[in-house]
Amino acid sequence: MKQVIQNFRTGVLKVESVPAPVVSAGQVLVANRFSLISPGTERSTVQVAQKTLLGKALERPEMAKKVFAAVQKDGLLATMRRVSDRLEHPAALGYSCAGVVLEVGRGIAGLAAGDRVACAGQNYASHAEIVSVPKHLCAKVPDGVSFEDASFVTLGAIALQGLRQLEPRLGERVAVIGLGLLGQLTVQLLKASGCRVLGSDLDRSRQELAAELGADCTTGPADLSAAAEAFSEGRGVDGVIITASTKSDLPVEAAGHIARQKGRVVVVGAVGMTLPREPYYRKELEVRLSMSYGPGRYDRSYEEEGRDYPFGYVRWTEQRNMEAFLDVLAQKKINVARLVTDRHPIDQAETAYERLAQSSSACLGMLISYPTAAGRSGPSVLPLKGARPAGPVRMGIIGAGQHARDMLLPSLSRLPDVTIAAVCTGSGITAKRMGEKLQAASCTTDFRAVLRDDAVNAVLIATRHNTHAEIVCEALRAGKHVFVEKPLCLTEQELDLIAEQYTGSAATGLQLWVGFNRRYSSHGAKVIDFFRDRRNPLVMVYRVNAGAISPTHWIQDPQVGGGRIVGEVCHFVDFMQAVCGARPISVHAVRIGSHTSGMAEDQCMLSLTFKDGSIGTVIYTAGGDTALPKERFEAFGDGKAVTLDDFALTEFYSHGKRTRHKTGVRDKGFDREMRGFTQAVAQGGAPSMQFEDIYAVTRACLLAAAGLKTGAVYDV
């Protein structure tokens, strides 16, 4: 299918052929008919992408700080490689569209193939022939509303949420500062609500358009105070909605001057927010910010997982705002057709953005149209040019998130006997970009297409945690060697299903590895060797200064990420298992009593015993300062001791002497791990990590996560 994408590093924007998305649970597959270019937001996005590297850093200084910190930990070359990868990662443009439902995923009610829908959301409602959109970002299009008009749904919901925040009353006098597309919609919605409206904009033609669409009075910024004085009969306006887009503080300053005593000011657009104290203080003005489309925006549980807010408590969610805007269109209370300034077929989308860059003031509603024949359901595989000759290890990559791109794929791509046969990600543009970068033969959005590919003999699974078990089992059944990023799975039931499947697959020589990489680092290898000939059990401590992750992050969701104990602490349990050479046999986990974030589970301690009598403690905290290195391991036994600091420095103490192993940057073992897996696939033989070890570590962490709630000691 065709999609508009932009390279964030070069700023180059173009229409490309990419694999179509595959519908998943909770999502709706839609064949677009029209999508709307949002002039303000998308022009800003394109302009930032076209800036130099320094310009981008100045736009996002917080990211520049993270880059400098990463250089200190991982070295300049590794850090710059990751920065380059992020900058070159293609971006999907667009977030408002309308089309026809092709297919609905599991858990979708009230929608069916053939329904007309309007869709919203960055990275969902994109400028593409086919999009896959979560159910709460879709709304049925009423009869009598065209696809063209319905494609305004996102901008309409944003404007409507601004009104919700203002709470306009019949007969009130309201000023709208900024008469771009969002401002024009706001003017009409205010008129439909029974308000008198004063519009202000630098552009005279936009003032005239607002007057045509119902504004009672329009003016430029220089005359706004006088116009508001006359418009409000000297009392000041009841409310101000700021829909302008500027870094200047002038709009909020103007709003303070023209508002009446105890008036309301609602900020919808991206503007400077330094409020002048005097007018806001003397008038006791109420300032409100409008959060995009409405309640539910930026809430993963609402947008991605489909958990609705109770109607009686949250009357206007973002989806209900979308529905209300479409209903206003059906009642013909507002006119969006008059706002359309451009129409371009998807093949000519680049021309639309060129016009936007050259004459931004003349561009309001810019529509991209799609052929009605476009659209189909089912998987898509796109052959790629420039594939490398097939080697003994022909990998299928399933999932290419940040960790895989930063740590796993660079190591894999350097190995001479490895060919990337196929790349699969949920995003077609990501799949194509990674496929081209890795010189793969094909790319797809359907992991089963990779498993059906006879050219693939091994897969690397780096998807979200809740999909690992399903893909691992299907890959083993398909006769593929498997490397899966940790964790192996999220439940004991899944673990037993994998064990059952692997028992049969292992007899055929299939490899199953889990990404417990730390045992493969040079530091890990030396620590293991240091204690190899000991006669007594070890005492081990692993302290992890993990850093905080938002409670709303998908990793914290027990159903999706499994939480940080299952998802990350497995690394440290496995490392202790590798050092003492014995599997964990019991685990006891305790956490702090409470935390202001609501998340106490990632501030905990695990006490483990191992089959050889060794004991280990994992101290895992999200509450420390990030200036402290993340990981420190200590082990003691047979008159020896080891300290390992963040996989950059290891010190060995024996017979009153100290020796050191130091690496210039952190060596967490990714290179040796990838090399070991691919060699095992190419040459056969037993895996370096037995499945019983993987099983023991996974089960220990699953039990530890349960133990945080029960306080029980569990036998592994």
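Which order do peptides 417-423, 363-369, 697-703, 523-529 fall in by mean Cβ count within 10 Å, highest first?
Ranking the peptides 417-423, 363-369, 697-703, 523-529 by packing returns 697-703, 417-423, 363-369, 523-529.
Can you compute the equivalent ellipsoid semi-axes for the stretch 475-634, i.e. the square root of 5 times each eigenvalue of the Cα gyration tensor, sorted largest first and rounded to whole Å?
That gives 27, 23, 14 Å for the three semi-axes.
Once you've got the Cα coordinates, tell me which of K486/K709; K611/K709; K437/K526; K2/K668; K526/K709 are over 32 Å apart.
From the list (K486/K709; K611/K709; K437/K526; K2/K668; K526/K709), the Cα-Cα distance tops 32 Å for K437/K526; K2/K668; K526/K709.
Helix-only estimate, please: 222 nm mean residue ellipticity of the chain, summing -39500 (n - 2.57) across DSSP H runs of length 4 or more and dividing by its residues, to the nearest 500.
Only helices count here, giving -9500 deg cm²/dmol.
Note down the magnitude of the dipole of the stretch 161-289 about its Cα centre, charges +1 on Lys and Arg C-beta and -1 on Asp and Glu C-beta and zero elsewhere, to the nearest 20 debye.
380 debye
Quick one: angle between helix 349-358 and the longest Cα principal axis of the chain, in degrees between 0 and 90, rounded to 10, please.
It works out to around 60 degrees.
Where does helix 468-477 land angle-wise versus the long Cα axis of the chain, in degrees 0 to 90, nearest 10?
Approximately 60 degrees, to the nearest ten.
If you take the C-alpha gyration tensor of the stretch 564-716, multiply each eigenvalue by 5 and take the square root, what semi-axes do you get, largest first, in whole Å?
Largest first, the stretch 564-716 gives 26, 22, 18 Å.
Take H89, H571, H127 and order them by how many other Cβ atoms sit within 10 Å, fewest up front.
So the ranking, lowest neighbour count to highest, is H89, H571, H127.
Taking +1 at the Cβ of each Lys and Arg and -1 at the Cβ of each Asp and Glu, which of H257, L179, Y281 sits farthest along the dipole of the stretch 161-289 towards its positive end, judged by Cα position relative to the Cα centre?
Y281
Would you work out which of G685, L111, C473 lies farthest towards the positive end of the dipole of the chain, given +1 charges on the beta-carbon of Lys and Arg and -1 on that of Asp and Glu, about the Cα centre?
Checked the options; the winner is G685.
How high is the FRET efficiency between I592 and S361 when r is their beta carbon distance and R₀ equals 45 Å, given to the nearest 0.05?
Working from the Cβ atoms, E equals 0.20.
Which distance in nm do the two modelled labels at S225 and E634 give, with both placed 7 Å along the Cα-to-Cβ direction?
A separation of 6.8 nm, rounded to one decimal place.
Tilt of helix 670-683 relative to the longest C-alpha principal axis of the chain, in degrees (0 to 90, nearest 10)?
Value to nearest ten degrees: 70.
Determine the dipole magnitude for the stretch 106-157: charges of +1 sit on the beta-carbon of Lys and Arg, -1 on that of Asp and Glu, nothing else is charged, the reference point is the Cα centre, and the result goes in debye to the nearest 20.
280 debye
log₁₀ I(q)/I(0) of the stretch 161-289 at q = 0.13, 0.15, 0.18 Å⁻¹, via Debye over equal Cα point scatterers, no solvent, to two decimals?
-0.42, -0.57, -0.85
Of all alpha-carbon pairs in the chain, indicate the percentage at a distance above 48 angstrom.
Of the Cα pairs, 26 percent sit more than 48 Å apart.
Pick out, from T626, G593, V514, the residue whose Cα sits farthest towards the positive end of the charge dipole of the chain, with +1 on the Cβ of Lys and Arg and -1 on the Cβ of Asp and Glu.
Farthest towards the positive pole: T626.
Looking at the stretch 280-331, which GluC sites (Glu not before Pro) are DSSP coil and have at most 16 other C-beta atoms within 10 Å of their C-beta?
E284
By what distance, in whole Å, do the Cα atoms of the stretch 382-516 stretch along each of the three principal axes, largest value first?
Sorted from largest, the Cα extents of the stretch 382-516 read 41, 28, 24 Å.
Report for the chain the percent antiparallel among DSSP-assigned beta bridges with both residues inside it, nearest 5.
Expressed as a percentage, antiparallel bridges in the chain total about 60.
Hey, got the dipole for the chain? About the Cα centre, +1 on K and R Cβ, -1 on D and E Cβ, debye to the nearest 20?
Dipole magnitude for the chain comes out near 1200 debye.
Read-outs: derived from the displayed coordinates by stated rules, not from any lab. Here the structure is a predicted model, which is why all the values come from computation and not from measurement. With ideal geometry, Cβ positions are generated from the backbone for all residues, glycine too; neighbour counts draw on all protein chains shown.
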